[in-house]
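Colleague: Sharing a structure, written as structure tokens. Questions coming.
The values are calculated or read from the model by the stated rules, or taken from the named source; none is laboratory data. As the structure is a computational prediction, the values presented were derived from the model and not from experiment. Cβ placement follows ideal geometry from the backbone for every residue including glycine, while neighbour counts extend to all protein chains displayed.
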């Protein structure tokens, strides 16, 4: 019929147009979301490894990769430690070149201060923003309004359920966390738990006061602290104290070597205080195959319990949760909040379901 012929011609013309322009029938639906990732990173040494932002956190780095590979997003990185970046970022934000601005940094750190002082004031209302505080403290009140500063962000991403009530005031708070389980951190024949151990106690983390690495001095036997830089003077003082106490210190160990280390220690010591992290190290060690009974945590660190008996969140879960928060914030029609989600495998090999709410 004439109608059928007309439709066929229209489809042919559309197909030709699609080839010329690079469009497809579902291009609108599959259009990538442009995301500005704002962070602050200064290499903690001159070593090549240290030049890579978040080199010590392959789970987060892989999550960013998966946002591009699996979540239809384009990630544009802006390191505020480079002063020349700010003018470029601000110009792009004025012109609404991003749908979402994803920032990582605790309250009142350079990232949060810059976001609140400049970026959130510059951006059009159509551009949404979210913060991953990457710390365990509650958001302080805004200096001008007195309300929690978390409320200036459209999304808050938090890494532990211990913080769920802390962010109950926020309309969109999303749990997002994970380690590179199954890739960088996985059991192997080279990381067997059998045989003699090289170390009786190992403590892992940045050389910062809240990690309380000095508590390893109270332990007997062969002891090791694995860490990386913080403030030069404080880090040097800590390393000197550890050396004086007979504790070995390894700095900037590549994450791919950590499984072998974890499986060659009697006890992983997590002496960090309640605000001092430790979640990632514990999940990474468990992903390597270290038994929970071989992990000793500080008695006053209540938040860490969920990482001892909970699932091992992987980078895929991490990425999908970040994507979920972004899509809900920007009103993406693909954002369907699921009542349950599959997460990474526990040491037993079982996949555990994990309920979320947004």
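Colleague: Which numbered condition trips up residue 187, out of (1) modelled with pLDDT under 95; (2) in a loop (DSSP other than H, G, I, E, B); (3) farther than 16 Å from residue 282 by Cα?
Modeller: (3)
Colleague: Still on this structure, please answer the following. Mind checking which strands (runs of 3 or more DSSP E) fall wholly inside the range 273-358 and carry at least 1 residues that are at pLDDT below 95 and surrounded by 14 or more Cβ atoms within 10 Å (Cβ to Cβ)?
Modeller: 340-345, 351-355
Colleague: Separate question: Mind listing just one residue for me: the one in the range 131-147 that is surrounded by 14 or more Cβ atoms within 10 Å (Cβ to Cβ), without any contact (Cβ under 8 Å) to a residue 60 or more places away in the chain and out of contact with any strand residue (DSSP E or B) (no Cβ under 6 Å at 6 or more places or on another chain) and, of those, nearest to residue 102 (Cα to Cα)?
Modeller: 133
Colleague: Of these, 120, 67, which one is without any contact (Cβ under 8 Å) to a residue 40 or more places away in the chain and within 20 Å of residue 134 (Cα to Cα)?
Modeller: One residue alone meets the criteria, 120.
Colleague: While we're looking at this one, here's another question. Being in a strand (DSSP E or B), in the same structural domain as residue 331 (by TED's automatic domain parsing) and at pLDDT 95 or above narrows it down to one residue among 36, 96, 63; which is it?
Modeller: Among 36, 96, 63, only 36 is in a strand (DSSP E or B), in the same structural domain as residue 331 (by TED's automatic domain parsing) and at pLDDT 95 or above.
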